[in-house]
Structures are given as C-alpha cells and as structure tokens.
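Written out below as structure tokens is the structure these notes cover.
The values are calculated or read from the model by the stated rules, or taken from the named source; none is laboratory data. Remember, it's a predicted structure, so these values are computed and weren't measured experimentally. Positions of Cβ are generated from backbone atoms using ideal geometry, with glycine treated the same way; all protein chains shown enter the neighbour counts.
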Amino acid sequence: MLKEFKTFISRGNVIDLAVGVIIGGAFTAIVTSLTTNLINPFIGLFLGQIDLSNLALRIGDATFKYGAFLNSIINFLIIAFVVFLLIKLINRIIKKKPAEVVPDKKELLLEEIRDLLKEENRSPK
C-alpha cells in the first residue's frame, strides 16, 4: 500500500495539481488585496464609502452583509478576467501549427494512377 501511494504521489499530474493549488491560493491573496486596497476605495469614491465589506442590511435580528458579497463578486470577476488574459497569452505564445497530413500508401498509389491517366488522355494517340 505504501508503494502504491508513493507511485500515486510521484505522478506528474498530482504534483502539477499541488503546484496549481498553491499558486491559486497565493493568487487569491493577491486579488483579495487588490480588491480591498485598490478597487474598493475607488468604488467607494462614487458610493461615498471606502469599505464595501461594512455594507449591510438589517431586518429584525438578521444581518445581510451584501458588501462582503459584493467584494466576493469583484474578486471573482478579477480572477476570471486575469485567467482569461493568461489563457489568451498562452494561446498566442503556443500557436498550434496544423499537422501535416501524411497520405497513406493507397492515396499515393491513387494519385499516381490519376496522374498517369491524365497524361495518357493528354498525349496524342
């Protein structure tokens, strides 16, 4: 069982996934900081408040923190946009060249026969 676990862990996909999760967590922290420290104050200029996370609606004993929800939406949109830009950049860098189609033997023989028939029909008899 230990050998199976070692084989599983040493696969490239698992390591790539772990790296992706770690980088994703760090990226989330950066985006949260960007939203909290730059975007929210900018939006706050127009709304008259700097911190959106304090926006709340109270009905009876219930408190609806829609400001925190707005922060989450802004974080999501920023992350989605940056991922979109990264994928677009990666696709530009790695342009896939169309694979050359290698004709099989049958196609080559048929092309030769076609060409021979064309020549035969063109030449005077």
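Here are some notes:
- Selected residue (only one of N71, N121 is at pLDDT below 80, more than 16 Å from the chain's Cα centre (by Cα) and either of a type outside the set (D, E) or farther than 21 Å from T28 by Cβ (or both)): N71
- Elements of type helices (runs of 4 or more DSSP H) contained in segment 31-125, each with 2 or more residues being surrounded by 12 or more Cβ atoms within 10 Å (Cβ to Cβ): 40-47, 66-93
- Any pair with Cβ under 9 angstrom, 6 or more apart, that starts in segment 4-25 at a residue that is surrounded by 10 or more Cβ atoms within 10 Å (Cβ to Cβ) and ends at one that is aromatic (F, W, Y): V14/F8
- Boolean, A62 is in contact with a helix residue (DSSP H, G or I) (Cβ under 9 Å, 6 or more places away or on another chain), of a type in the set (G, A, S) and closer than 30 Å to G44 by Cβ: no
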